[in-house]
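Worksheet for the structure shown next.
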Amino acid sequence: MVLLFIPMFGAGIVMMVKSPELLKKRLSADEKEDEQKTVILLSGLMFLAAFVLAGLNFRFGWIVMPDWTVWASAVVFLLAYLLYAEVLRENVWLSRTVEVQENQKVVDTGLYGIVRHPMYAATLILFLSMGLVLGSPLSFAVLLLYIPIIAKRIRNEEEVLLKELEGYADYRKRVKYKVIPFVW
């Protein structure tokens, strides 16, 4: 549990010092899009189920994973957090909600030159490794639900960006992949 939450706490401290406005946007949960409210609800239920299953799996020893799997997953998890931190550094307009902000510009450098949604790439790796970090293949299976949930979020977000963010249509033509280069 420490491994899961210490990096999050550290990222919050760094944002508080270096970019308090970004931290404020990342903490705001005032979603305006109805479709996104559904995504948030489904994500919350998925996390609750994953953590409850991890606890039950540990308590009752249903499926015991080898230690090396947990350690390897922990390394992947921490690397994904570095990816997440880089995305935060690159894009000052990141918001927890789907919206286009005043004077927002398309970010197309760094990771955004490879995929259109590197934040979701990072969270995909984070969430999928999380179940294994907790030592629970059952939690991993539940966290696989993040794939269709995030696909729904991206679909809606792209509609909003196409309508409201100048230059996004051109950016979408230049950067073909949404989350995983050459795949998706």
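Derivation of every value follows stated rules applied to the coordinates shown; laboratory data play no part. No experiment lies behind these values; they were computed from the predicted model shown. Cβ placement follows ideal geometry from the backbone for every residue including glycine, while neighbour counts extend to all protein chains displayed.
Simple spin-label estimate for residue 8 and residue 105 gives 3.3 nm between the two label positions (7 Å along the Cα-to-Cβ direction from each Cα).
Put a dot 7 Å past the Cα of residue 176, heading toward its Cβ, do the same for residue 64, and the two dots end up 4.8 nm apart.
With just the Cα atoms defining each centre, how far is the range 29-73 from the range 133-184? Give it in Å. Using only Cα atoms to place each centre, the spacing works out to 18 Å.
About its Cα centre, the chain has a charge dipole of approximately 220 debye under the convention of +1 per Lys or Arg Cβ and -1 per Asp or Glu Cβ, with nothing else charged. Using Cβ point charges alone (K and R +1, D and E -1), the dipole size of the range 87-160 about the Cα centre works out to roughly 200 debye. Taking 66, 137, 118 as the candidate residues, the one with maximal mean-square fluctuation in a Gaussian network model of the chain, Cα springs under 10 Å, is 66. Selection among 92, 107, 61 by position relative to the dipole of the range 2-174 gives 61 as farthest towards the positive end (Cβ unit charges, Cα centre).
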